[in-house]
Number of protein chains: 4
Amino acid sequence: MAKAPPPRTRIARSDATTVTIRGKSLMDDLIGKLSFTEMMYFLIKHRPPTPAETKVLDACLVTLMEHGFTPSSLVSRMVHDSVPDQVQVAMAAGLLTIGGVFVGTMEGCAKILKAGIEAGGDLDAYCTQVVREHIAARKPMPGFGHPFHKPDDPRPPRLFQVAESVGLNGPYVQLLHRLNGIVDREMGRHLTINATGAIGALMLEIGIPAEIMRAIAVVSRCGGLPGHILEEMEMPTARTLWALAEEHVPYEGV
Amino acid sequence: MAKAPPPRTRIARSDATTVTIRGKSLMDDLIGKLSFTEMMYFLIKHRPPTPAETKVLDACLVTLMEHGFTPSSLVSRMVHDSVPDQVQVAMAAGLLTIGGVFVGTMEGCAKILKAGIEAGGDLDAYCTQVVREHIAARKPMPGFGHPFHKPDDPRPPRLFQVAESVGLNGPYVQLLHRLNGIVDREMGRHLTINATGAIGALMLEIGIPAEIMRAIAVVSRCGGLPGHILEEMEMPTARTLWALAEEHVPYEGV
Amino acid sequence: MAKAPPPRTRIARSDATTVTIRGKSLMDDLIGKLSFTEMMYFLIKHRPPTPAETKVLDACLVTLMEHGFTPSSLVSRMVHDSVPDQVQVAMAAGLLTIGGVFVGTMEGCAKILKAGIEAGGDLDAYCTQVVREHIAARKPMPGFGHPFHKPDDPRPPRLFQVAESVGLNGPYVQLLHRLNGIVDREMGRHLTINATGAIGALMLEIGIPAEIMRAIAVVSRCGGLPGHILEEMEMPTARTLWALAEEHVPYEGV
Amino acid sequence: MAKAPPPRTRIARSDATTVTIRGKSLMDDLIGKLSFTEMMYFLIKHRPPTPAETKVLDACLVTLMEHGFTPSSLVSRMVHDSVPDQVQVAMAAGLLTIGGVFVGTMEGCAKILKAGIEAGGDLDAYCTQVVREHIAARKPMPGFGHPFHKPDDPRPPRLFQVAESVGLNGPYVQLLHRLNGIVDREMGRHLTINATGAIGALMLEIGIPAEIMRAIAVVSRCGGLPGHILEEMEMPTARTLWALAEEHVPYEGV
């Protein structure tokens, strides 16, 4: 086995008077020059995004930030009630829920799109094969369907519009639309492209690796939590949730 | 005791075809129109920020996003090694460290500044009293001093410059500078304004409540974690850290 | 400043064929010889507990393990619904709630008891002073009062009975009873000794430092979570809780 | 689709003067009568364990509680340094690491054992097929092999001895031994049964469902953390770990 290279980092170093981040001076090159979104992209890709890429990434981030009462916001609110003076604890607890069930699902769709583009060749045949494999394995198609938003999730069309407005509705977006048609044909009914499907395609267009997409969803949802924590401070709901659980989930004995 | 009002929320609701966030349509009014930073501010303040406020908030967020190996990035990397397929777990674990010891400390400084401005009157007398109370109680002055960045933290001057460039170096920033002089005089040595002190003042200038400032620090640091996770995927350090602990922290028996 | 001693550990080391824990062989001295409770005590105190100490510690642990729907079990259940294949995530999220508001409060009462015994002298005067200080500062007396269990928490009498049965109802338990009388006299109404007050006294009787008592409460509550997770797998409640939140906490707009 | 049954719980209820847990009175039937280990089993299985089952479960719990510096203890120590006054936060962060990579792996081995016993028939043929499938898929055999403990993990023989001493070395333990011989034959080299393999078999012997085994590993490891937290309070290592990371993982620029 080849020996592992010595561990090292390309991210940052600092001394008494400087902070260097990926070769740039934090003070001279980054603060006041990059937005949060541009800085996050820079930290992932080693270069700042173009204005078009920033537009698309901001649209993706804004889309996932807030969806009212969800597992992440409900858990954050309950934990805040228990640990009110350490808001990072409430936020971290809420973010633990961004898993494969809710929000953190763009990776699966992105991997299908990426493999299709890389394989080249007959995209209709590729899509048909992928969909049939999912049907045969009784697995849901990642990026399609939504429990509440029916018949169509209203967010993807707006996301595609933003991408088109800056010329970034490229091969991954096109393939997602093609896949959509074949999903409907093979399933024999209409399934919507959902927000995580659209975001998976858009993040590929701007060069975000599929492996790190869920991490970006976590950042997005994190940006919605200060608003929930502040509302919980001003008009609490956590004790109500507890009381509702006790009232509506009765003890029935062994 | 007055009966508590029935619980309610002002944040969001959705149905099959709409998502409404603080009275705005997610699709028509927010996606493609607000940046991540503007959306987070909107979720906290119920109105979008002005361009000047956005500039200052982005500068604050960029300042805290990345500082290389810190408790938050080291913990995230170690947890990622243990739970590699659930990146939200690594990120949440890292964010738990944003407490009163590191990063999450702007609240204390902001409360001192806010109380001073609200009290009005002789600000020199106010500052002198606050500093003397901290000296008497042997408590560090929040927002001052830094273990590595000496004699001066290089980040606050750049932050003040950004605020000044958009006319937001108002009363809280002025009071922080005044406090700085009195800290030095009363302590008999120079202490730097540190990044969290400057950010506390700037967030007050843009109307962010002190109680929620740590939550914004959490969002900022969260935005730095995808870069660390991706680097850990590509060139891991977690096992090295474990080996270093075993090598350098010997077992000495009971 | 004196130089810090080099870091070291007294807990454990292992090599290819041995595991040594605090000087004992895991295989020869611990597995099959100590119970979980005895082993935890051994890891804290560097010696196994006596049978009497084990009896008291088990009673404390059993008391806090399970109280039905609480923030810890509700949060664990909601997180399990989001991350069903990583049960440690649900459990960790639930344990984050064991803070100063619920369960993790024995430390405050224990510190009052410990300071009283260490000071010696007139214990009535000590108790009176402590209670009056809390009344003056409008702070609740730690270890007293309960929102649901009125007029008396049923758990402390049983805990005291167990301690008495093994001769461990010593000075801290006696002082807690004395304090109880003075709380009632000074408040002008009856407040119950609550479970965390009684447990704080009992843990002092068996030599557990106050600083680590909350950690033991976390272990106790952790022991109740497998039962909740298993029930959630078999008859889920998390989606019901979410639906109840949406139904009973309406959006009222900005 | 059949309507889901209304949500309910079989775990606990309480009122002002009683706490009922799975049909028993906490005060009359549980405190002072069950140990922590017996109570946890009772909460999972709806009946207390026999003395033999308790002996085996305690042996499993003691085996996993403590292994010195591991991801869980290192993460807990680092988080404790950042949030020193909320020990549950450090503990929860450490427990997040009990995933599929370390400690939380008994489930895989247990499922193989359970399926073999349920299938009945020729157990040698079953074992051979399972091992060959893992070899063909280049997947490690769960419950076998250890990075440090070579050639043999010293913990399983002691665990089997405890089980035998109380007559609980039944079909699952026998099948694990049979599997071990076939692993060696098919791999062409010796792989040790590791601690999680042995514990998986023992937990099946005492009726613990495979799905909840990782949760019990979490409880076990949780019981080791108070000792680490207390040691970190008395002789800290977290800052040393941070310094080691900075020293040994250099910044190499972009």
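The values are calculated or read from the model by the stated rules, or taken from the named source; none is laboratory data. Given the structure is predicted, the values throughout are model-derived calculations rather than measurements. Don't worry about glycine lacking a Cβ; one is built from the backbone with ideal geometry, like all the others, and counts go over all protein chains shown.
Can you tell me which of C:LEU179, C:LEU204, C:LEU225 is closer than 21 Å to C:VAL89 by Cβ and either touching a residue at least 12 places away in the same chain (Cβ under 8 Å) or out of contact with any Leu (no Cβ under 7 Å at 6 or more places or on another chain) (or both)?
C:LEU225
Taking region D:40-57 only, how many residues are surrounded by fewer than 19 Cβ atoms within 10 Å (Cβ to Cβ) and within 15 Å of D:PRO209 (Cα to Cα)?
The number of residues fulfilling the criteria is 3.
Look at region D:201-232 and say how many of its residues are touching a Ser or Thr at 6+ places or on another chain (Cβ under 6 Å) and over 14 Å from C:PHE36 (Cβ atoms).
So the count comes out to 1.
Mind checking which residues of region D:114-148 are assigned to a helix (DSSP H, G or I), touching a residue at least 12 places away in the same chain (Cβ under 8 Å), of a type outside the set (Val, Ile, Thr) and over 21 Å from D:VAL218 (Cβ atoms)?
Across region D:114-148, the qualifying residues are D:GLY116, D:LEU123, D:ASP124, D:CYS127, D:ARG132.
Being surrounded by fewer than 19 Cβ atoms within 10 Å (Cβ to Cβ) and more than 7 Å from every other protein chain (Cβ to nearest Cβ): is that true of C:ALA238 here?
no
All but one of (1) more than 8 Å from chain B (Cβ to nearest Cβ); (2) touching a strand residue (DSSP E or B) at 6+ places or on another chain (Cβ under 9 Å); (3) within 26 Å of A:GLY200 (Cα to Cα) hold for A:PHE69, so report the exception by its number.
With respect to (1) more than 8 Å from chain B (Cβ to nearest Cβ); (2) touching a strand residue (DSSP E or B) at 6+ places or on another chain (Cβ under 9 Å); (3) within 26 Å of A:GLY200 (Cα to Cα), A:PHE69 is out only on (1).
Quick one: A:PRO209 ticks every box in (1) over 13 Å from A:MET106 (Cα atoms); (2) at the interface with another protein chain (Cβ under 9 Å from one of its Cβ atoms); (3) not aromatic (Phe, Trp, Tyr) except a single one, so which number is it?
Answer for A:PRO209: the failing condition is (1).
For (1) on the phi < 0 side of the Ramachandran plot; (2) of a type in the set (Val, Ile, Thr); (3) touching a helix residue (DSSP H, G or I) at 6+ places or on another chain (Cβ under 6 Å), each residue gets a yes or a no:
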position	(1), (2), (3)
D:PRO51	yes, no, no
D:VAL56	yes, yes, yes
D:SER73	yes, no, yes
D:HIS80	yes, no, yes
D:LEU96	yes, no, yes
D:VAL103	no, yes, yes
D:GLU107	yes, no, yes
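Just a yes or no: is a residue in region C:1-24 part of a helix (DSSP H, G or I) and either out of contact with any Leu (no Cβ under 9 Å at 6 or more places or on another chain) or free of Cβ contacts under 8 Å to residues at least 60 places away in the same chain (or both)?
Scanning region C:1-24, I find no residue that is part of a helix (DSSP H, G or I) and either out of contact with any Leu (no Cβ under 9 Å at 6 or more places or on another chain) or free of Cβ contacts under 8 Å to residues at least 60 places away in the same chain (or both), so the answer is no.
Name the one entry in C:THR37, C:THR20, C:THR97 that is surrounded by 24 or more Cβ atoms within 10 Å (Cβ to Cβ), hydroxyl-bearing (Ser, Thr, Tyr), at pLDDT 95 or above and farther than 19 Å from A:ARG77 by Cα.
That would be C:THR37, the only listed residue that is surrounded by 24 or more Cβ atoms within 10 Å (Cβ to Cβ), hydroxyl-bearing (Ser, Thr, Tyr), at pLDDT 95 or above and farther than 19 Å from A:ARG77 by Cα.
If you check A:LEU159, A:LEU175, which single one turns out to be assigned to a helix (DSSP H, G or I) and under 17 Å from the mean Cα position of the chain (by Cα)?
Result of the check over A:LEU159, A:LEU175: A:LEU159.
Among A:GLY197, A:GLY167, which is the only one that is in contact (Cβ under 8 Å) with a residue 60 or more places away in the chain and in contact with a Phe, Trp or Tyr (Cβ under 9 Å, 6 or more places away or on another chain)?
A:GLY197
So, of the residues in region D:30-54 that are in a helix (DSSP H, G or I) and at the interface with another protein chain (Cβ under 7 Å from one of its Cβ atoms), which turns out to be farthest from the chain's Cα centre (by Cα)?
The extreme case among them is D:LEU30.
For A:LEU230, indicate whether it is within 11 Å of chain B (Cβ to nearest Cβ), within 23 Å of A:PHE148 (Cα to Cα) and either assigned to a loop (DSSP other than H, G, I, E, B) or over 14 Å from the mean Cα position of the chain (by Cα) (or both).
Against the criterion (within 11 Å of chain B (Cβ to nearest Cβ), within 23 Å of A:PHE148 (Cα to Cα) and either assigned to a loop (DSSP other than H, G, I, E, B) or over 14 Å from the mean Cα position of the chain (by Cα) (or both)), A:LEU230 does not qualify.
In this structure, does D:ILE44 turn out to be of a type outside the set (Lys, Arg), under 30 Å from D:MET65 (Cβ atoms), in contact with a helix residue (DSSP H, G or I) (Cβ under 9 Å, 6 or more places away or on another chain) and touching a residue at least 40 places away in the same chain (Cβ under 8 Å)?
yes
So, B:ILE193, is that one more than 11 Å from chain A (Cβ to nearest Cβ) and within 14 Å of B:THR105 (Cβ to Cβ) or not?
Yes, satisfied.
Under the condition of being within 8 Å of chain D (Cβ to nearest Cβ) and polar (S, T, N, Q), which residue from region C:145-185 is nearest to C:THR70 (Cα to Cα)?
C:GLN161
When you scan region D:210-228, do you find a residue that is in contact with a Phe, Trp or Tyr (Cβ under 8 Å, 6 or more places away or on another chain), closer than 20 Å to D:VAL130 by Cβ and surrounded by 17 or more Cβ atoms within 10 Å (Cβ to Cβ), even just one?
no
Confirm whether C:GLY253 is under 23 Å from A:PRO71 (Cα atoms), of a type outside the set (Ser, Thr, Tyr), surrounded by fewer than 18 Cβ atoms within 10 Å (Cβ to Cβ) and in the same structural domain as C:ASP153 (by TED's automatic domain parsing).
Against the criterion (under 23 Å from A:PRO71 (Cα atoms), of a type outside the set (Ser, Thr, Tyr), surrounded by fewer than 18 Cβ atoms within 10 Å (Cβ to Cβ) and in the same structural domain as C:ASP153 (by TED's automatic domain parsing)), C:GLY253 qualifies.
For region A:197-206, does any single residue satisfy the condition of being among the acidic types (Asp, Glu), in a helix (DSSP H, G or I) and more than 14 Å from chain B (Cβ to nearest Cβ)?
yes
Being loosely packed, with under 15 Cβ neighbours inside 10 Å and either outside the structural domain of C:GLY197 (by TED's automatic domain parsing) or over 16 Å from C:GLY143 (Cβ atoms) (or both) is the filter here; which residues of region C:161-187 pass it?
C:GLN161, C:GLU164, C:SER165, C:GLY167, C:ARG185
Give me a count of the residues in region D:180-198 that are of a type outside the set (Asp, Glu) and either closer than 18 Å to D:GLU38 by Cβ or over 19 Å from the mean Cα position of the chain (by Cα) (or both).
10
Output yes when any residue across region B:78-86 is under 30 Å from B:MET141 (Cβ atoms), surrounded by 24 or more Cβ atoms within 10 Å (Cβ to Cβ) and either more than 7 Å from every other protein chain (Cβ to nearest Cβ) or not hydrophobic (A, V, I, L, M, F, W, C) (or both), and no when none is.
no
Taking C:GLY108 as the residue in question, decide whether it is under 18 Å from the mean Cα position of the chain (by Cα), of a type outside the set (Lys, Arg) and either more than 14 Å from chain A (Cβ to nearest Cβ) or part of a helix (DSSP H, G or I) (or both).
Judged against the criteria, C:GLY108 is a match.
Condition check: at pLDDT 95 or above and either in a loop (DSSP other than H, G, I, E, B) or more than 23 Å from A:ASP29 (Cβ to Cβ) (or both). Does B:VAL75 satisfy that?
yes
Take the conditions assigned to a helix (DSSP H, G or I), under 21 Å from B:GLN88 (Cβ atoms) and more than 9 Å from chain B (Cβ to nearest Cβ) and apply them to A:LEU244. Does it pass?
Here the answer is no, as A:LEU244 does not meet what is asked.
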